[in-house]
Amino acid sequence: MYRLSTRSLFIWTVLTFTLSVLLAWRYLNTSTMAPNKAALIVPALKKQTATVIMAHGLGDSGAGWVSLAETWRRRGKFDDVKFIFPNAPNIPITVNMGMHMPGWYDITNFSDLNQAHDETGILRSRATLTKLITDEVKEGIPSERIIIGGFSQGGAISLFTGLTTPHKLAGVFGLSCYLVLGNKIKEFAQESKDANKDTPFFMAHGDADEVVKYSWGQQSAQVLNKDLGHNVEFKTYRGLTHSADMKEIDDLEQFIKSCLTRAESL
């Protein structure tokens, strides 16, 4: 009876394993969009009076930003606030050779602010944030006590949702991000009936950002201010790349605090 040598058996095992990996990769990168994982929740430490929804960037997850809430917990801040960190679905990203990764919408390039944006993906992700808002309202939290925001793609989706939702919000923030569907934003904004015309918006961007250009953030803030008539605070962080630092987090903390204080007086 013929028997494989130890060397031949080893080679056969390696080839079989490699083929299995390649087939799995092919399946994952040609299959339909993987659904969202459940959002991560950091509950309020005492009676909840407000909610902050924070959306992550491309390739990240909600877990990547949970430390933000933990930082504020250590500082004794926002003990009455529930934090929600949603997860984007795994989708093919054109700019990354079509590979699947967590993303709120597809991106074709990082060079043109006015590129043809993935409207289907953007609207799908807006629906995800809108459902989170609606669920909180059903739980007894007024929409005027809900803040939405995010980093990079998550910030872009949050800006778009804040501009187009009929829910009156306490505030909207976007870190290292830009305005999507700029050529259609006025059309979509009509759906909201100016629900957040006087809602505070906060945008923050590092001037050394090598992924989402600093100029994109500047131009987007100008559109929000001048063309759409929204109240936008834009802050620049010298030398900051496509990330967040403690100065930016401190400024975001002050923004959230001011939004919730303002909401109490409405």
Simple Cβ-charge dipole of the chain, Lys/Arg +1 and Asp/Glu -1, about Cα centre, in debye nearest 20: 700
The pairs in Lys197/Lys235; Lys138/Lys235; Lys138/Lys247; Lys77/Lys235; Lys138/Lys257; Lys77/Lys186 lying past 32 Å Cα-Cα in this model are Lys138/Lys235; Lys138/Lys247; Lys77/Lys186
Among His117, His242, what is the fewest-to-most ranking by other Cβ atoms within 10 Å? His242, His117
Cα-projected label distance for Ala63 with Asn183, points at 7 Å along beta-carbon direction, nm: 4.0
Out of all DSSP beta bridges with both ends in the chain, state the antiparallel percent to the nearest 5. 25
0 to 90° range, to nearest 10: angle between helix 119-138 axis and the chain longest Cα axis: 60
Percent breakdown of C-alpha pair distances by 5 Å bin, ordered from the shortest bin, for the chain: 1, 6, 12, 16, 18, 15, 11, 6, 4, 3, 2, 2, 2, 1, 1, 0, 0, 0
What is the mean projected area of the alpha carbon convex hull for the stretch 34-162, to one decimal in square nanometres? 8.0
Helix 246-265: angle to the longest alpha-carbon principal axis of the chain, degrees 0 to 90, nearest 10? 50
Taking 0.36 nm per residue of sequence separation and subtracting the Cα-Cα distance, how much length would be gained by fully extending the chain between Ala44 and Glu191, in nm to one decimal? 49.7 nm
How far apart, in nm, are the 7 Å Cα→Cβ label points at Asn96 and Gln222? 3.1
Amide N of the stretch 60-99 lying under 18 Å from the label point, which is placed 7 angstrom from the Cα of Lys257 along Cα→Cβ: 68-82
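All of the numbers you see were taken from the coordinates with simple rules; none came from a lab. Quick caveat: nothing in here was measured; it's all calculated off a predicted structure. Heads up, the Cβs are rebuilt from the backbone with ideal geometry, glycines too, and the neighbour counts pull from every protein chain shown.
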